[in-house]
Amino acid sequence: MILAPPDQIDVYTAQGWWGTDTLDDLFRRNAKATPGRLAVADPPNRSDITGGKPRRLTYSELSHEVECFASMLLDRGLAKDDVILVQLANTVELVVTYLAAWRLGIVVSPVPVQWRAHELGDILSFVGAKAVVTARNIRGHDHAGMFASLKPRPSALRHIVVIDEERLPQTSTVRIAAHRKSHPVDANEAATICWTSGTEARPKGVPRSHNHWLMAGVACGDAADIQPGDVIMTPFPLVNMAAIGGTFMPWLMCGGTLILHHPFDLPVFLRQLVEEKVAYTVAPPAILTMLLKEEELLARLDLSALKCVGSGSAALSPWMVKTWQEKYGLPIVNIFGSNEGTCLIGGAADVPDPEDRALYFPRFGVTGLEWPARIADWIDTKLVDIQTGETIMEAGRPGELLLRGPTLFAGYFRAGDGGGPVDAIDADGFFHTGDVFEIAGPGNRYYRFVERAKDIIIRGGMNISPGEIDGLLAGHPKLADAAAIGVADAVMGERICAVVVPKPGETVTLEELRAFLVSSEVASYKLPERMEIVEALPRNPVGKVLRRALREALRVST
């Protein structure tokens with residue numbers, strides 16, 4: 001499944017940005033070089049997540065399991081370019097699944113463990129998944145049973161692989177090698193199809209090739225100054241750019257150790273940082289700010305191995321970034337990215353001043369501006385006026401961020417067939433991010449984030465389409481109208497607020513709304529945590545809800 005146009009592949013390959021190495025090539029090289037090194041480790045609280053004891057595998061042991069899992073996939077009749085949907089917690093088996101699929105050229109479509117039948121039924125059919133890989137129990141929910149109930153629906157689904165009940169066959173190195181020889185995997189073929197919520201009810205599928213992912217690894221690795229053999233911890237679900245691009249790819253590229261964590265639990269997170277001697281991890285801004293206010297706690301922690309922390313998804317506090325760097329010697333990397341390949345990253349080398357690094361992102365890919373990061377010379381970025389499309393060159397004038405280059409995906413999966421907008425990438429190859437920035441900072445060398453042009457709600461790093469929640473609430477028998485918006489939250493970034501118009505004579509409570517959505521088998525993180533009752537929703541002349549007006553009204557009322 002090669003989606004990038006041939007001329008683009010030729011140009012990026014000639015420039016040396018894209019190569020022939022697949023993600024499996026990197027892993028096999030690491031396993032050969034350091035077979036006895038610890039490759040991956042489970043969360044210490046694994047028994048509370050999926051059951052079973054935590055596992056720790058060396059590169060040799062992980063390589064063996066990958067071969068066995070690949071043999072099982074072949075036994076099930078799966079082949080190159082088939083799509084498998086994966087719903088697993090951050091455990092060793094998730095890493096095994098990724099690597100085994102990529103060894104065979106199978107495309108992995110990962111989904112959050114919170115997704116339920118409502119989200120999964122449509123996605124299974126749309127993506128054409130021939131198999132599902134999941135667990136019997138993830139934090140008390142029967143995922144295997146849920147998928148079994150979906151199997152009768154029209155789709156390509158043939159197999160449900162339950163990892164904790166699967167007896168893997170003995171590996172056949174000769175068989176796997178023969179399959180790889182007869183079905184070679186190209187680094188420009190899709191490795192994953194991740195999902196990003198938009199204004200449409202259905203999430204948009206974002207295919208990314210091996211080369212696309214390696215570019216993300218380069219960007220994050222450079223910004224965090226990751227070195228060969230480093231210990232990297234991923235506290236975010238390995239389902240999207242934040243975790244796959246931010247931690248998994250740097251791990252593959254440095255040949256180090258990947259420490260798994262799930263779900264985010266601060267005491268467990270801190271314990272792992274210390275005990276595993278983690279060199280790099282990522283964390284939400286609110287957590288980093290809160291820790292600085294717990295000086296006695298920090299004094300008891302040996303964080304001497306920690307060299308850098310990445311953060312993003314919400315504005316960083318200049319005080320927070322400055323204090324971590326100047327008091328604890330720990331630089332914070334400011335990250336603005338997306339599944340599509342938006343790539344603005346401010347590391348200490350690019351933005352030495354910590355307060356500037358909290359506020360601004362380097363204007364990568366702009367003629368006349370030079371940066372230490374390699375990715376700066378590989379991409380082009382610009383701001384354009386949202387109304388006129390005119391390129392913006394002066395400071396302080398908001399405009400939409402456009403980006404092109406080898407980090408960027410080739411287009412949404414099945415675009416034009418209900419798979420997302422067909423014009424996300426323009427005729428000049430620029431991706432229209434829908435995010436508004438302005439030129440700012442010392443020497444006008446930086447971008448400053450202004451707002452999301454779209455109304456996506458980002459709760460704890462998970463993107464939520466408000467249109468999807470609207471559609472579900474429209475079926476509530478007591479409501480005449482409803483709209484979901486995001487409200488600021490110090491811990492989660494945003495939480496969902498349902499703004500509702502009850503039918504005449506009806507009363508409704510937040511608990512009733514949540515129960516109604518639960519009955520629709522919607523993911524728990526999409527449940528409203530606040531409700532506001534209004535007489536009518538503000539709409540434009542064509543009937544679209546004016547969510548910004550709702551947010552402004554709530555800010556005034558509170």
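The values are calculated or read from the model by the stated rules, or taken from the named source; none is laboratory data. All of these numbers come straight from a predicted model, not from anything done at the bench. Every residue, glycine among them, receives a Cβ derived from its backbone with ideal geometry; neighbour counts consider all protein chains shown. The accessibility values were calculated without ligands, DNA or RNA, using every heavy atom of the protein model including side chains. Shrake-Rupley method; radii C 1.70, N 1.55, O 1.52, S 1.80 Å.
List of remarks:
- Checking Asn339 against (1) at pLDDT below 95; (2) closer than 27 Å to Thr407 by Cβ; (3) out of contact with any Cys (no Cβ under 9 Å at 6 or more places or on another chain), the condition it does not meet: (3)
- Subset of region 229-271 (residues that are aromatic (Phe, Trp, Tyr) and open to solvent by less than 10 Å² (accessible area, probe 1.4 Å)): Phe248, Trp251, Phe269
- Strands (runs of 3 or more DSSP E) fully within region 382-477 counting 3 or more residues that are free of Cβ contacts under 8 Å to residues at least 40 places away in the same chain: 399-404
- Once region 10-47 is narrowed to residues that are among the aliphatic types (A, V, I, L, M) and under 15 Å from Val185 (Cβ atoms), the residue that is farthest from the chain's Cα centre (by Cα) is Leu26.
- Summed over region 342-353, the residues that are in contact with a strand residue (DSSP E or B) (Cβ under 7 Å, 6 or more places away or on another chain) and either crowded, with 23+ Cβ neighbours inside 10 Å or at pLDDT 95 or above (or both) give a count of 7.
- Filter result for Ile226 (buried (at least 21 other Cβ atoms within 10 Å of the Cβ), of a type outside the set (Lys, Arg) and not in a strand (DSSP E or B)): yes
- Leu297 fulfils the conditions (1) open to solvent by less than 30 Å² (accessible area, probe 1.4 Å); (2) outside any loop (DSSP other than H, G, I, E, B); (3) in contact with a helix residue (DSSP H, G or I) (Cβ under 8 Å, 6 or more places away or on another chain) except for a single criterion, (1).
- Filtered residues of region 443-465 (kept if open to solvent by 60 Å² or more (accessible area, probe 1.4 Å) and touching a helix residue (DSSP H, G or I) at 6+ places or on another chain (Cβ under 7 Å)): Arg448
- Total residues in region 197-223, condition part of a helix (DSSP H, G or I) and under 23 Å from Gly312 (Cβ atoms): 12
- Restricting region 487-498 to residues that are open to solvent by 10 Å² or more (accessible area, probe 1.4 Å) and assigned to a strand (DSSP E or B), the residue that is nearest to Arg551 (Cα to Cα): Val487
- Of all residues in region 488-499 being modelled with pLDDT of 90 or more and in contact with an Asp or Glu (Cβ under 7 Å, 6 or more places away or on another chain), the one that is farthest from Asp455 (Cα to Cα): Val499
- Filtering region 63-104 to residues that are touching an Asp or Glu at 6+ places or on another chain (Cβ under 9 Å), in a helix (DSSP H, G or I) and of a type in the set (D, E, K, R) leaves Glu65, Glu93, Arg103.
- Any hit, region 2-23, residues being over 24 Å from Lys204 (Cβ atoms) and in contact with a Leu (Cβ under 7 Å, 6 or more places away or on another chain): no
- If you filter region 473-486 down to residues that are of a type in the set (A, V, I, L, M) and open to solvent by 30 Å² or more (accessible area, probe 1.4 Å), you find that the one that is farthest from the chain's Cα centre (by Cα) is Ala480.
- Scanning region 12-56 for residues that are over 14 Å from Val66 (Cα atoms) and hydrophobic (A, V, I, L, M, F, W, C) returns Ala14, Trp17, Trp18, Ala33, Leu38, Ala41, Ile49.
- Of the residues making up region 508-523, just one is open to solvent by 40 Å² or more (accessible area, probe 1.4 Å), in a loop (DSSP other than H, G, I, E, B) and modelled with pLDDT of 95 or more, namely Thr509.
- Count of residues meeting criterion [in a loop (DSSP other than H, G, I, E, B) and either free of Cβ contacts under 8 Å to residues at least 60 places away in the same chain or open to solvent by 80 Å² or more (accessible area, probe 1.4 Å) (or both)] in region 4-40: 6
- For region 51-62, filtered to residues that are at pLDDT 95 or above and touching a strand residue (DSSP E or B) at 6+ places or on another chain (Cβ under 8 Å), the residue that is surrounded by the most Cβ atoms within 10 Å (Cβ to Cβ) is Leu62.
- Meets criteria (in contact (Cβ under 8 Å) with a residue 60 or more places away in the chain, closer than 27 Å to Asp142 by Cβ and crowded, with 17+ Cβ neighbours inside 10 Å) for Leu99: yes
- Members of region 104-138 that are open to solvent by 10 Å² or more (accessible area, probe 1.4 Å), without any contact (Cβ under 8 Å) to a residue 40 or more places away in the chain and under 18 Å from Ser524 (Cα atoms): Gly121
- Of all residues making up region 316-330, the number that are assigned to a loop (DSSP other than H, G, I, E, B) and either at pLDDT 95 or above or surrounded by fewer than 21 Cβ atoms within 10 Å (Cβ to Cβ) (or both): 3
- Among (1) in contact (Cβ under 8 Å) with a residue 60 or more places away in the chain; (2) within 21 Å of Thr196 (Cβ to Cβ); (3) surrounded by fewer than 22 Cβ atoms within 10 Å (Cβ to Cβ) - the single one Arg374 does not satisfy: (2)
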